[in-house]
Structures are given as C-alpha cells and as structure tokens.
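Read through the structure below, which is laid out as structure tokens, and then see the notes.
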Amino acid sequence: MYRFNLSKLLFSFILYLGIGFAVAATDSRISFKQLLNEAGLVLNSANNLNIVKPQANSIQPYEYALRSSDAALEIRYAIRPLARVKIEYEDPHNSAPNPNHIFPLLFDTMLENLSKEGNTPKREYSPEQARNIFNADWANAAAFDVVPEFSKKYKQGLLVAMHKNTKADAYVIFLYNDYQKIKKIIDSSMRIVIFK
C-alpha cells in the first residue's frame, strides 16, 4: 500500500514542496512480478545486466534492481499500481485528488528527494514519444546528483517516470558515475520495463 497524507493546505503546493505526504515502504511479501501484473507492465530481457537485491534506504523504496557486470551502472525500479495508492485528504470542502492527476507532482517530489541541491534538468516526453517508447500516457526524465542516503556508490542519476491512466506510475532510476561510459547501455535499457 502506498499512502499519501495531505494536510488542509493547497494540494499542489504541498506535493510540490514535498510536505505532508510519505510513501509507505513496499510490502516485502508482494513480488515484483505481482506488481508488474497489477500495473499492466512487462519486464523485457536485460542483456548484460545482472539482478541485484534492492537495498533499504530512507529516501526512496524500490522493488527491483539491475547492475552492469562492471558495476558502472545500476538501474532501480519502483512500481506504483494506482489501485494500491491511498490518498488521505482532510479538506471537508473538496474530495481527495484522483491518483491519475498527481503523477507530475509526485515526479517533482521524488526528484527533489533523490537529488542534492543544484540543477536538475528535466525533459517531458511528448504524448507520442511516451506512447511509442513506454506505451504510457505521460513520461518525464531528469538528470540529478544523487544524495548519499540513496546511494553511496553512485554520484549521478537519471530519473525516468511513466504514467498510464487507471493503471500505474513506474519509476526507473539509472545510477552511474560517468555518463559517457554508460550512455549506450542506458539507451538500450530504456524499454526493459514498459506498459503492455
């Protein structure tokens, strides 16, 4: 269960600043395969990448990880089926926001949590690109410097988020120290997890 607690302040303002909500840790009894099925996602082959056990951290839970044989790149996957998202909203004058409408704000908040202070260039995919690459309704990507609480080994990251209406949000976090060294691997790994 992924629970979002929103105070009586303006919803978008709270989410943008990352105040007033938290994501519950993933239930360890739920398999990655089950999350993929619930989210309407498929896991494609990952050539030359090895499965590694996810490590607990205080910044962002994730359910699956892959690493290149030379450890120059690690890819972490966080899957959030919308059926598991519960929003606690305390404003008696308005109804709770629809999970289909909060994905851009969650992306910004996740990026803020993962990144050190500094520049985080973002690029939103066009609707056609989101469909063609991920079979998604929306997708965005951002580069960032990684906070050590999320990874002590890797200093840089690329966050790719995708959303499919009524299905799920999926987050792919590429971690590395030398972008030029792993750029081709990132390009070939972009479609390892996509919507059906």
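If you go through the stretch 62-76 and keep only what is assigned to a loop (DSSP other than H, G, I, E, B) and within 17 Å of Lys152 (Cβ to Cβ), you end up with Tyr62, Ala71, Ala72.
So that you can scan it fast, the table gives a plain yes or no per residue for (1) of a type in the set (Val, Ile, Thr); (2) closer than 22 Å to Val193 by Cα; (3) at pLDDT below 85:
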| residue | (1), (2), (3) |
| --- | --- |
| Ala96 | no, no, yes |
| Pro99 | no, yes, yes |
| Ile102 | yes, yes, yes |
| Asn119 | no, no, yes |
| Asp137 | no, yes, no |
| Asp145 | no, no, no |
| Pro148 | no, no, no |
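Filtering the stretch 164-177 to residues that are part of a loop (DSSP other than H, G, I, E, B) and touching a strand residue (DSSP E or B) at 6+ places or on another chain (Cβ under 8 Å) leaves Lys167, Asn177.
Considering the stretch 169-182, the residues that are touching a Lys or Arg at 6+ places or on another chain (Cβ under 6 Å) and surrounded by 22 or more Cβ atoms within 10 Å (Cβ to Cβ) include one that is nearest to Ala136 (Cα to Cα), namely Asp169. Inclusion of Asn119 among residues that are closer than 17 Å to Tyr171 by Cα and surrounded by fewer than 20 Cβ atoms within 10 Å (Cβ to Cβ) is not warranted. Any idea which residue in the stretch 63-88 is modelled with the highest pLDDT, counting only those that are surrounded by fewer than 16 Cβ atoms within 10 Å (Cβ to Cβ) and of a type outside the set (Gly, Ala, Ser)? Looking at residues that are surrounded by fewer than 16 Cβ atoms within 10 Å (Cβ to Cβ) and of a type outside the set (Gly, Ala, Ser), I get Asp70. Filtered by the rule that a residue be in contact with a strand residue (DSSP E or B) (Cβ under 7 Å, 6 or more places away or on another chain) and without any contact (Cβ under 8 Å) to a residue 40 or more places away in the chain, the stretch 138-156 gives Trp138, Ala139, Asn140, Ala141, Ala142, Ala143, Phe144, Asp145, Val146, Lys155, Gln156. Of the candidates Ala130, Ala161, the single residue that is in contact with a strand residue (DSSP E or B) (Cβ under 6 Å, 6 or more places away or on another chain), surrounded by 17 or more Cβ atoms within 10 Å (Cβ to Cβ), not charged (D, E, K, R) and not in a strand (DSSP E or B) is Ala130. Scanning the stretch 124-137 for residues that are without any contact (Cβ under 8 Å) to a residue 40 or more places away in the chain and more than 20 Å from Ile102 (Cβ to Cβ) yields Ser126, Glu128, Gln129, Arg131, Asn132.
Listed by first and then second residue, the pairs with beta-carbon distance under 8 Å, at least 6 apart or on different chains, first residue in the stretch 48-74 and free of Cβ contacts under 8 Å to residues at least 24 places away in the same chain, second among the hydroxyl-bearing types (Ser, Thr, Tyr), are Asn50/Ser68; Asn50/Ser69; Ile51/Tyr64; Pro54/Tyr62; Pro54/Tyr64; Ala65/Tyr77. Look at (1) surrounded by 13 or more Cβ atoms within 10 Å (Cβ to Cβ); (2) modelled with pLDDT of 95 or more and you find that Ile51 fails only one, number (1).
The values are calculated or read from the model by the stated rules, or taken from the named source; none is laboratory data. Everything numeric here is computed off the predicted structure, so don't read it as measured data. Heads up, the Cβs are rebuilt from the backbone with ideal geometry, glycines too, and the neighbour counts pull from every protein chain shown.
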